[in-house]
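**Student:** Before I ask anything, let me first share the structure, which is written out below as structure tokens.
The values are calculated or read from the model by the stated rules, or taken from the named source; none is laboratory data. What you are looking at is a predicted structure, and each value in this text was computed from that prediction instead of being measured. With ideal geometry, Cβ positions are generated from the backbone for all residues, glycine too; neighbour counts draw on all protein chains shown.
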Amino acid sequence: MSDSSFETELKQKVDYIEDVLKSMLPAEEGYATTVIEAMNYSLMAGGKRLRPMMMYEAYRLFAGDNAKDAVIHPFMTAMEMIHTYSLVHDDLPAMDNDEYRRGRKTTHAVYGAGMATLAGDGLLNLAFETAINGAASGEVLPEYDGETTNRYIAALKVLSSKAGIYGMVGGQCADIMAENTSITDKDELGKLLGYIDDNKTGALIESSLMVGAILGGADASQVKSLERAGRNVGVAFQIQDDILDIVGNLEELGKPIGSDEKNQKTTYVSLYGMEAATAKVKELSDEASDILKELGFEDSFLDKLFQYLIYRRK
């Protein structure tokens, strides 16, 4: 697949996901209109849509001819709602205090900090409403060989755990605690940084791939392999994000650069240097591709998506 054909297919998939999200937006009506407007503003602010895209691709790879989009749509939407809520809260004055996200004003800059907080809360809750409703009305799927035989419940368990205190929220907690940290030992800082990157960024990417695979018919060992690939992609994605925070620009990224330095955050670049960070991105990327090759998905769109996202410039 050439770069141009990949870009064309990528745009088609983003447009497809946009349509899925629009179809599941809550109506802006009643006494809660303002918070719903803020939720919809946040969710439809654009972006790469990489998490629902990876979920969809993993689902299609395993489901094959048996793929039914109605099975995966609610979970794709839920994942993007969870990711979006985390960004809304990340941008708040009490967190990173960023004014731009995805090339336009952040939610708190438009609606105020209080309403933005509620919008994030609303998106998180609506995510699970959406996924649970999809599971309750979805067609019967083959049994799963994991801890639970019900694939919908297995997918919901992954979705909830990876988004919570043992996943993304735990990583965000560690990220805040790492600001102005008194830890000076490089090895200890490296462990802390690894935990942050694996959870704050990696957890939702792992979850996206795992949920797609579970609902698509993968067995438990295959899901575990995709979890490892997701961790590699997530950490590499975060390191690349740290790199772009130094060498990128507002026009390309759609958000301010230099926020890590401003907030005195420890990153892979600040700890190990730019050269080592770039090398780590390649190492993790290669390992993720090797895992897909072992699963028989070499040269799939998902494999190319990994490479595209890890080595992105925006």
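**Student:** Scanning for something surrounded by 24 or more Cβ atoms within 10 Å (Cβ to Cβ), in a helix (DSSP H, G or I), of a type in the set (A, V, I, L, M) and modelled with pLDDT of 95 or more, does the range 88-100 turn up at least one residue?
**Tutor:** Yes, the conditions are met somewhere in the range 88-100.
**Student:** Please list, ordered by first then second residue, the pairs with beta carbon atoms under 7 Å, 6 or more apart or interchain, first in the range 266-295 and free of Cβ contacts under 8 Å to residues at least 40 places away in the same chain, second aromatic (Phe, Trp, Tyr).
**Tutor:** What qualifies is Ala277/Tyr268; Ser289/Phe306.
**Student:** Moving on. Take the range 141-180 and flag every residue that is more than 21 Å from His89 (Cβ to Cβ) and either of a type in the set (Ser, Thr, Tyr) or not in a helix (DSSP H, G or I) (or both).
**Tutor:** Leu141, Pro142, Glu143, Tyr144, Asp145, Gly146, Glu147, Thr148, Thr149, Asn150, Tyr152
**Student:** List the helices (runs of 4 or more DSSP H) that sit entirely inside the range 1-75 and contain at least 1 residues that are within 30 Å of Asp219 (Cβ to Cβ), hydroxyl-bearing (Ser, Thr, Tyr) and at pLDDT 95 or above.
**Tutor:** 3-23, 50-63
**Student:** From the residues in the range 147-168 that are more than 19 Å from the chain's Cα centre (by Cα) and surrounded by fewer than 21 Cβ atoms within 10 Å (Cβ to Cβ), which one is nearest to Ala78 (Cα to Cα)?
**Tutor:** The selected residue is Ile153.
**Student:** Let me ask another. Which residues, counting only those in the range 1-21, are over 25 Å from Lys162 (Cβ atoms) and either in contact (Cβ under 8 Å) with a residue 12 or more places away in the chain or buried (at least 20 other Cβ atoms within 10 Å of the Cβ) (or both)?
**Tutor:** Within the range 1-21, Met1, Phe6, Glu9 meet the criteria.
**Student:** Quick check on my filter: what residues within the range 38-48 are under 13 Å from Met81 (Cα atoms) and either out of contact with any Phe, Trp or Tyr (no Cβ under 9 Å at 6 or more places or on another chain) or buried (at least 23 other Cβ atoms within 10 Å of the Cβ) (or both)?
**Tutor:** Passing the criteria: Ala38, Met39, Asn40, Ser42, Leu43, Met44, Ala45, Gly46, Gly47.
**Student:** Would you tally the residues in the range 148-191 being without any contact (Cβ under 8 Å) to a residue 12 or more places away in the chain and in contact with a helix residue (DSSP H, G or I) (Cβ under 6 Å, 6 or more places away or on another chain)?
**Tutor:** Of the residues in the range 148-191, 2 are without any contact (Cβ under 8 Å) to a residue 12 or more places away in the chain and in contact with a helix residue (DSSP H, G or I) (Cβ under 6 Å, 6 or more places away or on another chain).
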